[in-house]
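What follows is a short report on a single structure.
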Amino acid sequence: MKYLFIAILINAFISNTIAQTTVTADAKQAAVQRMKDSLTFEALSNYAQLYPLLRQGSFSTDIIGNASVHSKLNGNDLYEGKMKITRIRTNFNLPLAQWGKNRITGTVGYQQQRLQTTEIRSYNPGFSEQNRDITKSTGSFTATFSRSDSIFNHLVMYSGGISGISDELSSVKRVNYIGTVTVPLRRSQFSSLTVGLAVILDPSSVSPVVPVVSYWRKFKESDLDLFVDLPSRVILRKQLSKRSSASLGSELGGTLLFFDVDHPPLPQNSIYTNVEIRSGATFEYLLTKKVILGVNGGLYTTTASRMFDHDAQPNTYFYRSQAGSVPYISFSVSVLPFIKRL
């Protein structure tokens, strides 16, 4: 889902840039264009401070406390215990091509997740109570085509993307497709509203069609910014100084891991998914002109985690686990846009 909002946010930003001015002298035109490009790029960097998904790259480490977990296999109790999660995530956005109102961008991501399960109480004779320590990694690449146009003098933005996900370099294990149509309804000095629809072709997706809403409001007297980007996040942000900011809210995310289950008759090639909600506070500090340090902490909550056959639907899962809410802390380093042109 995060790639969906990357496409929406980039298109929303482009819709507010200055239109080109025609001048007679080629030299003057080139100089004016360079100035506009510089101003536009600077504005994008400022915009990326408000929308982390627009940043050129990021690296983060998550530490999620011991959660009480209860799991079932084929509907029968399997075990209960405590699970601690340590996660490393990195993401990089790259402009690939641009012509007229069209652009192609690429996003490369990597995630390594360590699952440590202790204090196990087994309900199945075939499942031992020995502590478990599992580390899984996944990589992804997404190519997104986007275009801004107008219908009846009203701006409309389109995007389509394809993502490949795998845990090995020799093959792509999962391919997902996503398309969006968004329409900015209102924009003023202190507020904006964009609505649209996303179509997701992904076997593990909860719904193939998802409504999207992006709303921003500036509370001038208190110097607060409200961001409602559904279904991704709801954040209240305050600029503390020229270099520092703090925010409070909730964000929606999730993970996808590949498992090789060597226990017939269970499916050997399986996928493990979950949806998570992080609720808490974030502090960010602009270390240099392009580097931001961040720390985020609060409450980590997940929906039921599921494991199912690689070629099956999520509702045909054979394994299910439910974990309680636990504290978490995350440290991050992110880079504002620095690639001006191809």
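The values are calculated or read from the model by the stated rules, or taken from the named source; none is laboratory data. The model shown is predicted, which means the values in this text are computed figures rather than measured ones. Neighbour counts run over all protein chains shown; Cβ positions are idealised from the backbone, glycine included. For the accessible areas, the whole protein counts, side chains as well, though only heavy atoms, and no ligand, DNA or RNA atoms are used. Shrake-Rupley method; radii C 1.70, N 1.55, O 1.52, S 1.80 Å.
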Quiz item: Across 20 Å bins from the origin, how do the percents of Cα pairs in the chain run, short distances first?
Solution: 27, 55, 17, 2, 0
Practice problem: Using the heavy atoms of the protein chains and a 1.4 angstrom probe, tell me the accessible area per residue for the chain in square angstrom. | Solution: 54 Å²
Self-check item: Cα→Cβ-extended label distance, 7 Å offset, between Val108 and Ser122, nm
Solution: 4.3 nm
Practice problem: Work out how much length Asp260 to Tyr177 would gain on full extension: take 0.36 nm times their residue separation and subtract the Cα-Cα distance, in nm to one decimal. | Solution: 27.4 nm
Quiz item: Based on the Kirkwood radius over alpha-carbon pairs, what is the Stokes-Einstein translational diffusion coefficient of the range 73-231 at 20 °C with 1.002 mPa s viscosity, in µm²/s?
Solution: 108 µm²/s
Quiz item: According to a simple spin-label model (label point 7 Å from Cα along Cα-to-Cβ), what is the distance in nm between Arg243 and Ile277?
Solution: 3.7 nm
Quiz item: Based on the Kirkwood radius over alpha-carbon pairs, what value in µm²/s does the Stokes-Einstein equation return for the translational diffusion coefficient of the range 187-279 at 25 °C and 0.890 mPa s?
Solution: 149 µm²/s
Quiz item: Along the Cα-to-C-beta direction of Lys136, a point sits 7 Å from the Cα; which residues of the range 294-337 have their amide N less than 12 Å from that point?
Solution: 305-310, 319-321
Quiz item: Are any of the pairs Lys238/Lys290; Lys136/Lys289; Lys72/Lys136; Lys242/Lys290; Lys220/Lys290; Lys101/Lys173 more than 23 Å apart by Cα-Cα distance, and if so, which?
Solution: Lys136/Lys289; Lys220/Lys290; Lys101/Lys173
